[in-house]
Structure formats: structure tokens, C-alpha cells
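One structure is given below, encoded as C-alpha cells.
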Amino acid sequence: MVFSSHIFLFVFLPLVLLTYYACPRGGRSVLLTVFSYAFYGWANPLFVVLMLTSTAIDFFAGRAIARGDPRNRGGEYFTLVEGGPRSRGQWLALVVSMTSNLTMLGFFKYFDFGAEYFARAFVALGWTGAGQVHFLHVVLPLGISFYTFQSMSYAIDVYRGHAKPLRSFLDFACFISLFPQLVAGPINRYQDVADQLLYRSHTLAKFARGVAFFSLGMGKKVLLANPCGRIADTAFDSGTLSTLDSWTGMFAYTFQIYFDFSGYSDMAVGLGLMLGFVFIKNFDSPYRSISLTDFWQRWHISLSTWLRDYLYIPLGGNRKGAGRTYVNLIVVMLLGGLWHGASWNFVIWGGAHGTWLALERLWTRHCQFRPPAWLQCPLTFVGVSLLWIPFRAADLPSTLRFFASLCPGHGPDLSLVSAATRTPYLMTSLALAGVIAFFGIQSWYFTRHLQPWKLGLLFALLLFGTMTLSSQSYNPFIYFIF
């Protein structure tokens, strides 16, 4: 089930809101958990078992870590002292949490990838029967990358003394399964919503802002990301491209992935507000960045800060010399690439971002020259767009062909791709996406004060977006596959 679908808009969401506000406060978390599991199990009920297993492991790991504290002899849960001593039992509980989550994530993400290269290795060694071996095909559960990171951060935060563990399994299950952010984020850390799980306010102003967020996200997704996606898919799936079609397809995907993901995040934030939760900001106009470092402070903020706090800093961050800092940046971004999926293209994408970040820091450290201020944003935008190519392309040969087609004079200017993509509707949507990405008001600021003209615009966006859904057969969410 996706947010931009009629069954969600006209059946699931109204049912959730009606029963939620009719339910006594003490039962609302239980109700949300039940609806969230139904939401997640809509595609495949077996996915629910997997999420429940991860939830149980981390909940009891958190209890074991808390009970291992010397002050906890009376059964009360204390927040551990940050930086204080930890027992062997507490450390083992943390290891169990991290190992189980990473093993689960690794198996479902990388089993097929490993099995394929295992068979290829035997063929290369001359074992002719390898081609007849059939491995088990593993289906990737929706959103497993998001909820395993979220669940794992709970045990880490409790161990570090950054958060006090929950006593109620149902409250923790609600935190992990909460449907607005379940399958594509943002990755909410336990310490950010811990108090809200127990006590949260419900006001008309908060609900209205939630509807505003959801309406803007719907407009981004349906009216901008989907048309840009049609251009990008046509270009990337074509065997022959002209130079102009290649650049158009590349920029179309650049805007598609932004408006698709930021639109989903807006809808998630909006749904959270309707239910009394305040989620973190996940995007901060990333295509207005003046450097790649700036970009990663604005793009998918919940993931970039997660990688910083739980991986980059524990590796040493920038505290162990310049050389170690550059290595840490590359390692973290390589792992960030692999987090997205088992593909050499993601390795290339992550490695390229890590190398760029390292070189950028090296340049800043040793060179006084800077591009003019007016040029920094366009250069960063084009560089980021070029690196989206391996992220989107099907495989390495497709990536290389697409890069080659960007060169001047490549392919016929008038082709089937041109005829399919250079329509007034698609070109207008692409141009509008560019204008909004660079000059538009962010959702966080637009929804802060809802004047009558904004309410009229938001209603029109929601209505037009809903009507457009009826005529669009193309409606993917890119980050559902991660």
C-alpha cells in the first residue's frame, strides 16, 4: 500500500483517523500498532513476522542493557551514565541487537547478489554444472533498511546513555512499526520520539499543518516526480540516445528522485502530525547546495546523520588525523551505497561520493582557490546529477553507455525517445520541477502559517493530485525498494 493510492486515501487513512480519535488515549498506541502491522502486511503478511522478530530482539536487548546497570536492582529503568562503565552482559546484549539486525539486513539484501557471483565463480573455474544450480530466490521485504536502522539505534542509544528504555513492548512495537515512516523513512531515532510515544499533544493547528504537509507531498509525488520519472525511465531504458535526450533523462531522474523521496517524507511528516507525532526534517533544499559536504547535510538528513553518529564518529571521524578522516569518509559512503542495495552500481555511487567528499576536504585544507560563489551551486548540482546515473542505471554496462551518450554528437537528435519525452506536459513538469527545486519555498516554512490563499492552493493540490492518480498508471515510490 502506498500513500498515493485510492485505497489509502479513501479507506485506510479515514479508518485510522476515525478510530484513533474515538479511542481512549490509553489505547491509541495499541491501535496504531495494529493498523501499522496491517499496513505493512498488505503486500506480504510474512513481512510482519520479520519485523516483529526484529522488534522483539531489540526490545529485550534494551531491557538487558538497562537491567545490567548497578543502580537497577530495584527493577527501575535508569538512563545509563554517558561514557560510564558497562558490564560484559550489557555489551553482549548490544552485540546481539546489532548482529541480528545486520544479519537480517544482509541476508535479505545481499543473498541473491552473492549467490549469482558464487555461481559465476564456479563457471569461471570450469565447473560446467554450475549453470544448472538454482539458488533460493529471496524477496526483499519493504522498508527493511529503514526499520532495522531505526530499531538498532534504540539499543545503541540505551547503551550509550542517550535514552531511557521503554518498559512496554507495545509502545516499542508502535515506535518501530508506525506506518507513516515505516517503509521509506525518515529514520526516526528513539530518543527523538521517546516522550511522544507516552505523551503527545493533539491540536487542531497540528492536524491542519499535517494535512498541509500531506497535500504538498502528494503534489510533489504525483504532479512532479511521476512525470519526471516517465522521462527518466524512457531515457535509461533506451538502447540509443541522443546527447540532448541523455542530459534531459539525467536531469529528469535527478528531479524525480528528489520530489519522489521528499514528497514521501512530507506525507510521512504530515501523517505523523495528524496523529500527534512530530518527526524530523529529512530534506533541506539539497539542490541548492554549494558543495557535496553541504549536499549531504541537506539530503536524506535522517540517513546522513545516522551514518555520521553510528558509523563515522565511532570509526574515529576527523579526530585521528587527516589521512584517517579521508579513509573514514570513503568507507562510510561505500557502506551507505551498499545500504541502498546489492549492486556494483551502488558501490560505485557510494565510492564516488566518498572520494569526492575526501577530495573536497583535502582541497579546502590545502588550497586557497574557490570557484566563484555563483558557480558553486551549478557545479555541485551537475556533479550530483552525474552521480545519479550509476544509482539509476540497471548495471555497469548500462552506466557506461549512458555516460558515453552524454558526449556531444552522440546519436540522432530526433528519435523515438525524443518523440516520447518532448511533449508539452512532460517538458512543463520538468521545467516546473527545476524552478521549485531551486527557488521554491520549503514545506517546513510554507506550512508554518496557513493563510487563506495557502489553504486554497493546498486544497487544489490535493484535489488535482487525487484526480491525476485516476489517470496515471505510473506511480512508483523509488525508496520502497530499499
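Throughout, read-outs are computed from the coordinates displayed, never taken from laboratory work. From a predicted model like this one, the values you see are computed outputs, not experimental measurements. In this analysis, Cβ positions are derived from the backbone assuming ideal geometry, glycine residues included, and neighbour counts consider all displayed protein chains.
Is there a pair in Lys220/Lys281; Lys109/Lys320; Lys220/Lys454; Lys164/Lys320; Lys164/Lys206; Lys206/Lys281 whose C-alpha atoms are over 22 Å apart, and which pairs would that be?
Numbers: Lys220/Lys281 16 Å; Lys109/Lys320 32 Å; Lys220/Lys454 16 Å; Lys164/Lys320 31 Å; Lys164/Lys206 27 Å; Lys206/Lys281 16 Å.
Exceeds cut-off: Lys109/Lys320; Lys164/Lys320; Lys164/Lys206.
Assuming R0 = 30 Å, can you tell me the calculated FRET efficiency for the pair Phe369 and Phe438, based on Cβ-Cβ distance, to the nearest 0.05? List each step's numbers first, then the result.
Working: r = 25 Å, r/R0 = 0.85.
FRET efficiency, Phe369 to Phe438: 0.75.
Go ahead and collect, in residue order, the members of segment 425-449 whose backbone nitrogen is under 19 Å from a label point 7 Å along the Cα-Cβ direction of Phe464.
Counting only backbone N, you get 425-443, 446-447.
Would segment 188-338 count as rounded, prolate or oblate if I go by the C-alpha gyration tensor, calling it rounded below 1.5 in a/c and otherwise prolate when a/b exceeds b/c, oblate otherwise? It would help to have the intermediate numbers written out before the result.
Working: a/c = 2.85, a/b = 1.07, b/c = 2.65.
Cα axes put segment 188-338 in the oblate bin.
Please identify the longest segment of the chain free of exposed trypsin sites (Lys or Arg not before Pro), where exposed means a DSSP state other than H, G, I, E or B and no more than 15 other Cβ atoms within 10 Å. Kindly include the intermediate steps, with their values, before the conclusion.
On the way: sites that count: Arg167, Lys281, Arg319, Lys320, Arg422, Arg448.
Free of exposed loop sites, the longest segment is 1-166.
Using the alpha carbon gyration tensor of the chain, what are the three equivalent-ellipsoid semi-axes (square root of 5 times each eigenvalue), largest first, in whole Å?
Values: eigenvalues 261, 182, 116 Å².
Equivalent-ellipsoid dimensions as semi-axes: 36, 30, 24 Å.
With N denoting the number of residues in segment 206-481, provide Rg(C-alpha) divided by 2.2 N^0.38 Å, to two decimal places. Intermediate results must be reported in sequence, preceding the final value.
Numbers: Rg = 19.7 Å, N = 276, 2.2 N^0.38 = 18.6 Å.
The reported ratio for this selection is 1.06.
I'd like the chymotrypsin sites (Phe, Trp or Tyr not before Pro) in segment 329-417 restricted to DSSP loop residues with at most 16 other Cβ atoms within 10 Å, sorted by number. Don't jump to the answer; show the numbers that get you there.
Details: sites: Trp339, Trp344, Phe346, Trp349, Trp356, Trp363, Phe369, Trp374, Phe381, Trp388, Phe391, Phe402, Phe403; in loops: Phe369.
Those satisfying the criteria are Phe369.
Starting with the fewest neighbours, write out Met467, Met104 ranked by other beta-carbon atoms found within 10 Å of each beta-carbon.
Numbers: Met467 11, Met104 19.
Ordered from fewest to most neighbouring Cβ atoms within 10 Å, Met467, Met104 come out as Met467, Met104.
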